[in-house]
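Asker: First the structure, then my questions, so here it is.
Each value in this text was obtained by applying a stated rule to the coordinates, not by laboratory testing. Bear in mind that the values here come from a model prediction, so they are computed numbers and not experimental data. In this analysis, Cβ positions are derived from the backbone assuming ideal geometry, glycine residues included, and neighbour counts consider all displayed protein chains.
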Amino acid sequence: MPATTAETLSFVTRNVSVAPLVLLSVADHYGRSAKNTRKRVVGVLLGQNDGKNVRVSNSFAVPFEEDELDPSVWFLDHNYVESMKDMFKKINAKEKLIGWYHSGPKLRASDLEINELFKRYTPNPLLVIIDVQPKESGVPTDAYFAVEEIKDDGTTTSKTFVHTPSIIEAEEAEEIGVEHLLRDIRDVAVGSLSTRITNQLQSLQGLHLRLRDIGVYLQKVLDGSLPINHVILGNLQDVFNLLPNLFSSKALSASPNDVEAGFKGNSELAHAMGTKTNDQLMAIYLSSLVRAITAFHDLIENKIQNRQQQEEKDAKIEDGKDVQAGKENREKEATDASGEPKEGTEKGENLQKK
């Protein structure tokens, strides 16, 4: 039964959240089984799926082998899956088998066959590809559901994976643990402004990569190497509709088909945006300058206090040395006075002896 567009949209619009514990478990699984190799690891995902929200809260590894030369030859121990599923059901009945994962980093030819195997345990298994060796910052997970693809030419439908957005979401206890870890590794010398700018830069880099992927996809569709996916095109159209209208009615009426002339004619909006941006940058510059001057002033105060404390310490040491020297001199004088014999006494003793 081919899936309709509405059914495909139901998968695309689902909210998939992955717990940090799952990422840690998959990274440990990869480090124990396939580190420094080209192999991938496969496991089972546990959690809740209510049809709109999918929460991946736990996972466990599964014995898996595949032929590197022939992707169609693979082995997955489903008996082990069943025994582990029953054991986890006894521990936590709320966590159910909702899908599977592998370390990717991309989809492979045998993924559809493996996904069919997991349909024994859940009707619509979720596939999450977890990149254990990410080369760029961002969310290291990609979530997919298998659907029937309806082709425009009316030919036979085929199975394919549809991508759905995923996020990393922690519970309260996990957030506390992550905060403690970040507190240990965070550089205390880095201010909040630097951290905020770094986060914005990483976000812009991620946006640039996504736009590049969209451009590559549209070029492949234009060249005919990929089929037209109306769901993706509809989402792109929604994104374009959210963009601000940078053309004024005056500029559009003057040159409705000339985009460059429309931008040049819209000088008022460009001037307003430039003025606002300059004001924001000036505020950031002044705040950074004040913070730097305050930090420099604190540094000078600390230097002065440290020097005063060192001088007081040296003065106390010198006073102690003077007191000790005076005490030693008095003791020496007392010793000399008591141990030196008197001259008259010695003469009297000599006369008595004679």
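Asker: Give the peptides 231-237, 87-93, 14-20 in descending order of average Cβ contacts within 10 Å, highest first.
Answerer: Most protected by this proxy first, the peptides run 14-20, 231-237, 87-93.
Asker: Another question, if that's okay. How high is the relative contact order of region 71-140, given as a whole-number percent (alpha carbon pairs under 8 Å, six or more residues apart)?
Answerer: Working: 57 pairs, mean separation 22.9, N = 70.
Normalised by residue count, the contact order of region 71-140 is 33 percent.
Asker: Modelled label-to-label distance, I150 and K89, 7 Å Cα→beta-carbon offset: nm?
Answerer: Label at I150, label at K89, 3.6 nm between them.
Asker: In whole Å, what is the distance between the alpha-carbon centres of region 284-307 and region 64-128?
Answerer: A separation of 58 Å, based on Cα centres.
Asker: Taking only the C-alpha atoms, wrap a convex hull around region 5-186 and report its volume per residue in Å³ as a whole number.
Answerer: 148
Asker: From zero outward in steps of 10 Å, how is the percent of C-alpha pairs of region 273-318 spread across the bins?
Answerer: 25, 24, 18, 16, 11, 6, 2
Asker: Roughly speaking, what is the stretch gain from I284 to K35, that is 0.36 nm per residue apart minus the C-alpha to C-alpha distance, in nm to one decimal?
Answerer: Answer, rounded to one decimal: 85.1 nm.
Asker: Right, here's the next one. Once you keep just the Cα pairs under 8 angstrom separated by 6 or more residues, what percentage relative contact order results for region 5-186? Don't skip to the end; give the middle numbers.
Answerer: Working: 298 pairs, mean separation 43.4, N = 182.
Dividing the mean separation by the residue count of region 5-186 yields 24 percent.
Asker: Could I ask something else about it? Which pairs, out of K35/K220; K39/K90; K35/K106; K85/K159; K52/K159; K94/K135, put more than 29 Å between their alpha-carbon atoms?
Answerer: Numbers: K35/K220 34 Å; K39/K90 32 Å; K35/K106 17 Å; K85/K159 27 Å; K52/K159 22 Å; K94/K135 35 Å.
Pairs exceeding 29 Å: K35/K220; K39/K90; K94/K135.
Asker: For V42, what residues show an amide H to amide H distance below 5 Å, using hydrogens built from the backbone and excluding near sequence neighbours?
Answerer: V62
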